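The values are calculated or read from the model by the stated rules, or taken from the named source; none is laboratory data. These numbers come from a predicted model, not from an experiment. FYI the Cβ positions are ideal-geometry reconstructions off the backbone, even for glycines, and counts take in every protein chain you see. Protein only, heavy atoms only, side chains kept; ligands, DNA and RNA dropped before computing areas. Shrake-Rupley method; radii C 1.70, N 1.55, O 1.52, S 1.80 Å.
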Amino acid sequence: MNFLSGSTDVAALSVWVLGLVALVGYAAATWPIESRSRWPAVALGVAWVAHGLALVLDVGGWGQAQRGARFGFAPALSVTVWLVLAMHAVESRFVPLPGVRRLLALAGSATLLLTLMFPGDVRVHVGSPWVPLHWLLGVASYGLFGAAVLHASLLDAAERQMRPRAGRPPAPGGVLPAPLGLPLMRLERLTFRFVDAGFVVLSAALLLGIGSAVQSPALWKWDHKTIFSLLGWGTVAVLMVGRHVRGWRGRHATRWLYAGAALLLLAYIGSRFVLEVLLGRVS
């Protein structure tokens, strides 16, 4: 977020204040405290709300001299983490995951600071009325796949802990070790529900992108974003076919998920990082 723009506009000041509140809330959520205390969850909730409001004002271009949607690799990453936090907030009402809370709070703080340093550029002329929805669905798919990757990492960690080792018996009844304490199959189903939802949203985003390119051919480019997006979509499609047809499970399935998510990360966030940071360009 462009906290240092020097603008005295109320919206710009609001973004600055909201960003500061979010950073303080995320820091409080990472503070070690008794697991039964509600304070870290409340702090994370306050930070999440402030983070979201700041993103709406900043990405929407409020308080900027040039009006239009302003985006870049850091705001996209920030929105992705914000969406993962939203899903965690819902899930944590049923399954307490204090270690995950701290990890996501740190990620929220890091992406806020990145957006401060690399606010992106303003996009005024999009060429098609469907392009904003294409961007929105693309970022939403990032959030869903981010949640899937988070759960897949928990799944892999739980499977490693459940393997019998010398001096340690396996967990009884397929129940994950503390602090998860839920059946392994349930976590696996939850992981791939996020994958299914992310694939549907990503497919809709790609179809809208293709439709916009048909309407305005100048929008279509065979660049890194297009190639990595299609490769990522194809990798996730192979994972879904392999899971439903050949019964892929466990680490074999999660490896495909990690590969697909990495390709999608390179598609927009990675390419924009190269442009904005390594090449010093914002267009």
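Cβ-Cβ distances below 6 Å connect the following pairs, each with a first residue in the stretch 260-283 that is acidic (Asp, Glu) and assigned to a helix (DSSP H, G or I), a second residue that is open to solvent by 40 Å² or more (accessible area, probe 1.4 Å) and modelled with pLDDT of 75 or more, and a separation of six or more residues or different chains: Glu276/Phe118.
Table: residues versus (1) outside any helix (DSSP H, G or I); (2) modelled with pLDDT of 80 or more.
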{"position": "Ala12", "(1), (2)": "no, no"}
{"position": "Leu20", "(1), (2)": "no, yes"}
{"position": "Tyr26", "(1), (2)": "no, yes"}
{"position": "Pro32", "(1), (2)": "yes, no"}
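Of the residues making up the stretch 60-78, none is closer than 27 Å to Arg186 by Cα and at pLDDT 85 or above. Within the stretch 192-214, residues that are more than 18 Å from Lys225 (Cβ to Cβ) have Cβ atoms under 8 Å from residues that are β-branched (Val, Ile, Thr) and buried (at least 19 other Cβ atoms within 10 Å of the Cβ) in these pairs: Val195/Val236; Phe199/Val236, counting only partners at least 6 apart in sequence or on another chain.
Among the residues of the stretch 238-248, those that are open to solvent by 20 Å² or more (accessible area, probe 1.4 Å) and either touching a helix residue (DSSP H, G or I) at 6+ places or on another chain (Cβ under 8 Å) or among the small types (Gly, Ala, Ser) (or both) comprise Val238, Met240, Arg243, Gly247, Trp248. Scanning the stretch 214-237 for residues that are assigned to a helix (DSSP H, G or I), at pLDDT below 70 and open to solvent by less than 80 Å² (accessible area, probe 1.4 Å) gives a single hit, Leu219. Scanning the stretch 228-255 for residues that are of a type in the set (A, V, I, L, M, F, W, C) and touching a Leu at 6+ places or on another chain (Cβ under 9 Å) turns up Phe228, Leu230, Leu231, Trp233, Val236, Leu239, Trp248, Ala253. Among residues of the stretch 117-137 being open to solvent by 20 Å² or more (accessible area, probe 1.4 Å) and assigned to a helix (DSSP H, G or I), the one that is modelled with the highest pLDDT is Leu137.
Report the residue count in the stretch 36-58 for those that are out of contact with any helix residue (DSSP H, G or I) (no Cβ under 8 Å at 6 or more places or on another chain) and within 16 Å of His88 (Cβ to Cβ). Here the count works out to 3.
Looking only at residues in the stretch 79-110 that are surrounded by 21 or more Cβ atoms within 10 Å (Cβ to Cβ) and polar (S, T, N, Q), which one is modelled with the highest pLDDT? Out of the qualifying residues, it is Ser109.
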